[in-house]
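Worksheet: the structure to be examined is printed underneath.
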Amino acid sequence: MNFLEERILKDGVVKEGNVLKVDSFLNHQMDINLFDQMGEEFKKRFAGKKINKILTIEASGIGIACIVARHFNVPVVFAKKSKSINIDGETYVAQVESFTHKCVNQVLVSKRFLSPEDNILIIDDFLANGCALRGLISIIENAGATVSGIGIAIEKGFQRGGKEIREAGYQLESLAIVEEMDAKNGTVTFR
Ligand code: G4P
Ligand code: NA
Ligand code: NA
């Protein structure tokens, strides 16, 4: 078991509806030393990859991305969520459906911060169905930039996102892949 899996077993709480609450160290209160370990691990897993920028999405991805970025010595861009339509031509836009929140958000990145020369590492806290991730990928590809890799803290392996994104050929590295959760007994099983 790795450091993140151990921490999930220690401090994660399984809620009804296959929701894993990790707000004491990741989603609300943030353990910066843990994030630093994540950065070190991603740096190993993506060794040899060309990476000059990290892209994440607000809100929970930002903290992790910033600490991870110290290990790559690159800037962080975060995609912004917006309910309103933005068609000014100055931004890349993707539609992102949230199954958890039952809504569709627009995800926006200014064209000033992505270019065809960019080799991008995507970082996020959770991967479930992968809607947010597919939005980020489409924004990067619309900019003509390259997805060098994808680093996720916690993947819910029983939802479809991880499988689809690996099958599409991306290097997706999830530090903890949850195979099963049981709210009644409070148990979590990792892949
Ligand atoms: P998807 O992008 O993979 O399709 O995920 P989905 O719509 O199912 O998830 C919506 C939000 O809920 C995402 O955050 C995602 O990170 C988060 N999430 C999904 N499953 C879990 C879980 O088991 N536990 C926790 N704590 N979060 C989960 P968001 O609302 O889009 O962003 P943010 O503002 O919270 O960062
Ligand atoms: Na997130
Ligand atoms: Na979240």
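Each reported figure results from applying straightforward, stated rules to the coordinates on display, with no laboratory input. None of these values were measured; they are calculated from a predicted model. Cβ: placed from backbone, ideal geometry, glycine included. Neighbour counts: every protein chain shown.
Computed over the Cα atoms of region 3-190, what is the ratio Rg over Rh, Rh following Kirkwood?
0.96
As an exercise, take the mean of 1/r over every pair of distinct alpha carbons in region 150-191, invert it, and state the Kirkwood radius in angstroms.
10.9 Å
Tell me the volume per residue, in Å³, of the convex hull enclosing the alpha carbons of region 93-135.
Roughly 81 Å³ of hull volume per residue.
Give the residue list of trypsin sites (Lys or Arg not before Pro) in region 43-77 that are DSSP loop and have at most 12 other beta-carbon atoms within 10 angstrom.
Lys50
Report ³J(HN,Hα) in whole Hz for each residue of region 36-46, in order, from the Karplus equation J = 6.51 cos²θ - 1.76 cosθ + 1.60 where θ = phi - 60°; Gly and Pro get x.
5, 5, 4, x, 4, 5, 5, 4, 5, 5, 10
Within region 87-109, find all residues whose amide N lies under 17 Å from a label point positioned 7 Å from the Cα of Ile62 along Cα-to-beta-carbon.
The answer is 106-109, whose backbone nitrogens lie closer than 17 Å to the label point.
What is the distance in Å between the Cα centroid of region 1-77 and that of region 129-191?
Rounded to whole Å, the Cα centres lie 13 Å apart.
Short version: ³J(HN,Hα) in whole Hz for each residue of region 57-69, in order, from phi by Karplus 6.51 cos²θ - 1.76 cosθ + 1.60 (θ = phi - 60°), x for Gly and Pro, what are they?
Working through the residues one at a time gives 9, 5, 9, 5, x, 5, x, 4, 4, 5, 6, 4, 4 Hz.
Among Gly161, Ile139, Gly39, which residue has its Cα positioned farthest towards the positive end of the charge dipole of the chain, with +1 placed on the Cβ of Lys and Arg, -1 on the Cβ of Asp and Glu, and the dipole taken about the Cα centre?
Of the candidates, Ile139 comes out farthest on the positive side.
Let me have the 222 nm mean residue ellipticity of the chain computed from DSSP H runs of 4+ only, each contributing -39500 (n - 2.57), with the sum over all residues rounded to the nearest 500.
It lands at -8500 deg cm²/dmol.
Based on DSSP, what percent of beta bridges with both residues in region 3-190 are antiparallel, to the nearest 5?
Counting DSSP beta bridges with both partners in region 3-190, the antiparallel share is about 45 percent.
Which entries in the list Lys49/Lys83; Lys21/Lys111; Lys163/Lys184; Lys44/Lys80; Lys21/Lys163; Lys43/Lys111 go over 31 Å, if you measure between the two C-alpha atoms of each?
Too far apart for the 31 Å limit: Lys49/Lys83; Lys21/Lys111.
Work through the residues other than Lys163 whose Cβ is under 14 Å from its Cβ and net out their charges, Lys, Arg +1 and Asp, Glu -1.
Summing Lys/Arg as +1 and Asp/Glu as -1 gives +1.
If you build a Gaussian network model of the chain, linking Cα atoms that sit under 10 Å apart, which residue out of Gly161, Gly17, Gly144 swings the most?
Gly17
With charges only on Cβ, +1 for K and R and -1 for D and E, what is the dipole size of the chain about its Cα centre, in debye, rounded to 20?
Rounded to the nearest 20 debye, it is 220 debye.
Which residue fluctuates most in the GNM of the chain (Cα springs below 10 Å): Arg134, Arg112, Arg160?
Maximum among the listed residues: Arg112.
Normalise the Debye intensity by I(0) for region 114-191, one equal point scatterer per Cα, no solvent, then take log10 at q = 0.17, 0.18, 0.22, 0.26 Å⁻¹ and round to two decimals.
-0.64, -0.70, -0.95, -1.21
In nm, to one decimal, how far is the modelled label at Lys111 from the one at Asn73, with both set 7 Å along Cα→Cβ?
Placing both labels 7 Å along Cα→Cβ, they lie 3.3 nm apart.
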